[in-house]
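Let me begin by presenting the structure, written as structure tokens, before commenting on it.
Read the figures in this text as sums done on the coordinates, not as results from a lab. Computed from a predicted model, the values in this text were never measured in an experiment. With ideal geometry, Cβ positions are generated from the backbone for all residues, glycine too; neighbour counts draw on all protein chains shown.
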Amino acid sequence: MNNRLDAVTAPVNKIIRFSSVDGPGNRTAIFLQGCNFDCRYCHNPETRRFCIGCGKCVKTCPAGALSQTPEGQVRFDPAKCVSCDTCIKVCEHDASPRICEMTAEDVMKEVRWQQPYIRGITVSGGECSLHPRFLKELFEIAQKEALTCFLDSNGSYDFSKDPELMAVTDSVMLDIKAFSPEDHLNTTGAGNKTVLANAKYLAEIGKLFEIRTVVAPDLFDVTETVRCAGEMLLPYLQKGAKIRYKLITYRPMGVREKYRNMRIPTEEEMMGLKMLLTDMGWDDVVIT
């Protein structure tokens, strides 16, 4: 939109100019604030909620990048920030004060600095699909500038009902956090009916780049999840679809303190899950 007053904005947590783990090739990754899942193993819980203005981070910021208005709103000055993460470490509300409301054009101005050296952009979170109008505007601009556009999503948004967004989305990286409804509810606090429907829909239209499962044995039946997810998508592979299955090792780094004592899967367990998929017929399985 040409009129900035009418432009849609989204809360941007951070922009990583160069990333090789957020889709194919070198990409710029944009992380939006806010999530509708409460994953117990969440590795970036500071992206889940919004600042409530308690002011604790303002008092502890060593660079003076944070201030507070008389009304209690925390203000962030990116020019002063030294990225020490003190504000995130002291926050008790799964939030971050370093949020910037940005339009699609604002984001693209940041992307253009490295545009000659990247293949595309990936929008993540939090949960990026909470901001579909912003995504459409951003992807429309990016595609006109020959950049591929990927979504990194928990699958809670019904993509089949938004053909306009799908028209400007090149591919999606989708989390299948647990397969059974009970395990998914216990792991994330939400159901997974839409997640599984999205996986099949995206595979059908050729826009499912990869599915990912964080392997946290203490939380859910990992073997069942990987086996059932693999079998569900196998027919699409047999039809020629190219889908990667990424198995992510649970690690306690960044996880909220009350969930840091969960068991880390062994290398043998991770390799066993990979073999389960390869024996099934998957030829692109990655362990991280």
**Report entry** Values of log10 I(q)/I(0), in the order q = 0.13, 0.17 Å⁻¹, for the stretch 150-288 under a Debye, Cα-only, solvent-free model
**Finding:** -0.55, -0.92
Query raised in the report: Can you pull out the cysteines in the chain that have no other Cys Cβ under 4.7 Å?
Result: CYS35, CYS51, CYS54, CYS61, CYS81, CYS84, CYS91, CYS100, CYS128, CYS149, CYS228
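For ARG119 and ALA79, what does the FRET efficiency come to when R0 = 22 Å and r is the distance between their Cβ atoms, rounded to the nearest 0.05?
On the way: r = 30 Å, r/R0 = 1.35.
Result of the calculation: an efficiency of 0.15.
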Query raised in the report: How far apart, in nm, are two points set 7 Å out from the Cα along the Cα-to-Cβ line at ASP221 and at LYS89?
Result: 4.2
**Report entry** Normalised contact order of the stretch 50-91, rounded percent, pairs of Cα under 8 Å and 6 or more residues apart
**Finding:** 42
Query raised in the report: Using the alpha-carbon atoms, what tilt in degrees (0 to 90, nearest 10) does helix 222-238 show relative to the longest principal axis of the chain?
Result: 80
Query raised in the report: Mind checking Rg over Rh on the stretch 45-104, alpha carbons, Kirkwood formula for Rh?
Result: 0.93
Requested in this report: Distance from a point 7 Å along Cα→Cβ of GLU101 to each backbone N in the stretch 49-68: keep the residues under 14 Å and list them by number.
Outcome: 51
Report task. Go ahead and run the numbers for FRET between ASP38 and LYS200, Cβ-Cβ distance against an R0 of 25 Å, rounding to 0.05. Result -> 0.50
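Need one number: convex hull volume per residue for the stretch 36-145, Cα atoms only, in Å³.
Values: hull volume 14.9 nm³, N = 110.
Dividing the Cα hull volume of the stretch 36-145 by its residues yields 135 Å³.
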Report task. Give me the lysines in straight-line cross-link reach of LYS193: C-alpha distance below 27 Å, same-chain residues under 8 apart excluded. Result -> LYS136, LYS161, LYS177, LYS207, LYS239, LYS242, LYS246, LYS274
Query raised in the report: ³J(HN,Hα) across the stretch 21-29 via Karplus (A = 6.51, B = -1.76, C = 1.60, θ = phi - 60°), whole Hz, x for Gly/Pro?
Result: 10, 10, x, x, x, 7, 9, 9, 10
Query raised in the report: Under a point spin-label approximation (7 Å from Cα along Cα-to-Cβ), what is the THR266-THR249 distance to one decimal in nm?
Result: 1.3
**Report entry** Cβ-based exposure ranking for LYS80, LYS56, LYS246, in which fewest neighbours within 10 Å come first
**Finding:** LYS80, LYS56, LYS246
Query raised in the report: Just one of (1) 32, 25, 16; (2) 27, 23, 18; (3) 38, 29, 17 is semi-axes √(5λ) of the Cα gyration tensor in Å as worked out from the coordinates here. Which one is it?
Result: (1)
Requested in this report: Name the residues whose placed amide hydrogens come within less than 5 Å of the amide hydrogen of ILE205, ignoring near sequence neighbours (fewer than 5 apart) on the same chain.
Outcome: none
Requested in this report: List GLU140, GLU210 from most exposed to least, where exposure is judged by having the fewest other Cβ atoms within 10 Å.
Outcome: GLU140, GLU210
Query - Whole-number percent relative contact order across the chain, with pairs defined as alpha carbons under 8 Å at least 6 apart - result: 17
**Report entry** Which of SER83, SER67, SER129 has the fewest Cβ neighbours within 10 Å, and the rest in rising order
**Finding:** SER83, SER67, SER129
Report task. Give, in nm to one decimal, the length gained when the segment between GLU145 and THR278 is fully stretched (0.36 nm per residue of separation minus the Cα-Cα distance). Result -> 44.1 nm
